[in-house]
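The values are calculated or read from the model by the stated rules, or taken from the named source; none is laboratory data. Computed from a predicted structure; not experimentally measured. Positions of Cβ are backbone-derived with ideal geometry, glycine not excepted, and every protein chain shown enters the neighbour counts. Side chains included, ligands, DNA and RNA excluded: accessible areas come from the protein's heavy atoms. Shrake-Rupley method; radii C 1.70, N 1.55, O 1.52, S 1.80 Å.
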Amino acid sequence: MSIESFRKIVENRRSVRRFTNEEVPKDIVNDCLRLALLAPNSSNLQPWEFYTAYSEEAKKQITKACFNQNAAKTAAVIIVVVGRTNTWKQNSQKLLNEWPTENIPRQVVEYYTKTVSLLYTQGPASILGFCRRILMSLIGLFRPVPRGPFNKTEMRTWAAKTCALAAENIMLSLKAHGFDSCPMEGFDEKRIRKILNLPADAFTVMIIGAGKKADDGIYYPRMRFSVENHVFEL
Ligand SMILES: Cc1cc2nc3c(=O)[nH]c(=O)nc-3n(C[C@H](O)[C@H](O)[C@H](O)COP(=O)(O)O)c2cc1C
């Protein structure tokens, strides 16, 4: 792989707000989703789900919950990226069950049977997380310690980081396949939850409209602040 081909994909991805009526073939979307699953993710616990909407009916419902944004209204397919805050336990077991080598390294077993519970168990009303926060604050006076996640909101941040990386993989993969996308956080989360029939621990991180860019699909020239504003050397 060359940096030039990668650069081309990154530089040419834009948030496209209007798409043509050309379809995105399902096998291309599925390929992008397979690549999304290769995104780095916290402890490899893969707290993500992806819901695709191709039918006019499904897209109409989601578009309405996205405040009728053109990026949803004109999309050939809509992908909803969902984070899960409660699947880490079952996924820890699944990782051990499906471990790719015959002998699972001892540290791995230890990590997925003990460490993850210590890190992510919050308990009812996050009471265990609260106790952990106090304990960590005390130990933290003497040595570096994890400073979260200590409650359900922080678990959401934990899952959202991972899901955002997957979302980027989807958008770059779509571009590499010759299609365009627009990430959206402009949506009514409660309505999306209802449409997708999400369980209580699930939440919508991002909604991606995808398709082929229409001639008037990009609203503004690309604009970023200069590197010096954001990049610092210690
Ligand atoms: C988390 C997130 C949420 C966004 N939400 C919306 C949105 O609801 N509607 C929209 O039109 N664009 C949305 N965008 C797109 C940004 O406006 C866009 O990325 C930014 O203006 C830079 O433009 P570019 O992506 O073309 O480089 C979102 C982007 C991100 C990363």
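Remarks
- Within segment 207-220, the set of residues being under 18 Å from Ala76 (Cβ atoms) and either in a helix (DSSP H, G or I) or open to solvent by 30 Å² or more (accessible area, probe 1.4 Å) (or both) comprises Lys212, Lys213, Asp215, Asp216, Ile218.
- Qualifying residue in segment 80-89 (condition: touching a Pro at 6+ places or on another chain (Cβ under 7 Å) and more than 30 Å from Lys175 (Cα to Cα)): yes
- Helices (runs of 4 or more DSSP H) (entirely within segment 1-95) containing at least 2 residues that are of a type in the set (Asp, Glu): 3-12, 26-36, 56-65
- Being away from the ligand (no atom under 12 Å from the Cβ), without any contact (Cβ under 8 Å) to a residue 24 or more places away in the chain and hydroxyl-bearing (Ser, Thr, Tyr) is a property that Ser126 lacks.
- Cβ-Cβ contacts under 6 Å between residues 6 or more apart (or on different chains), taken from a first residue in segment 58-71 that is touching a residue at least 12 places away in the same chain (Cβ under 8 Å) to a second residue that is surrounded by 15 or more Cβ atoms within 10 Å (Cβ to Cβ) and in a helix (DSSP H, G or I), are listed as Gln61/Ile195; Thr63/Ala72; Thr63/Lys73; Ala65/Arg191; Ala65/Ile192; Cys66/Ala72.
- When the criteria are applied in full, Glu110 meets the requirement of being more than 24 Å from Glu189 (Cβ to Cβ) and acidic (Asp, Glu).
- Count - residues of segment 24-68 that are open to solvent by 60 Å² or more (accessible area, probe 1.4 Å) and within 16 Å of the ligand (Cβ to nearest atom): 3
- Filter result for Lys194 (open to solvent by 40 Å² or more (accessible area, probe 1.4 Å), in a helix (DSSP H, G or I) and more than 14 Å from the ligand (Cβ to nearest atom)): yes
To keep it simple, each residue is scored yes or no on (1) in a helix (DSSP H, G or I); (2) in contact (Cβ under 8 Å) with a residue 60 or more places away in the chain; (3) closer than 13 Å to Arg84 by Cα; (4) open to solvent by 20 Å² or more (accessible area, probe 1.4 Å).
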| residue | (1), (2), (3), (4) |
| --- | --- |
| Cys131 | yes, no, no, yes |
| Leu138 | yes, no, no, yes |
| Pro146 | no, no, no, yes |
| Thr153 | yes, no, yes, yes |
| Ala159 | yes, yes, yes, no |
| Cys163 | yes, yes, yes, no |
| Asn169 | yes, yes, no, yes |
| Leu174 | yes, yes, no, no |
| Gly186 | no, yes, no, yes |
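- Checked against (1) surrounded by 14 or more Cβ atoms within 10 Å (Cβ to Cβ); (2) near the ligand (Cβ under 10 Å from one of its atoms), Thr204 meets all criteria but (2).
- Note on segment 13-23: among residues that are within 21 Å of Tyr219 (Cβ to Cβ) and away from the ligand (no atom under 12 Å from the Cβ), the one that is least open to solvent (accessible area, probe 1.4 Å) is Phe19.
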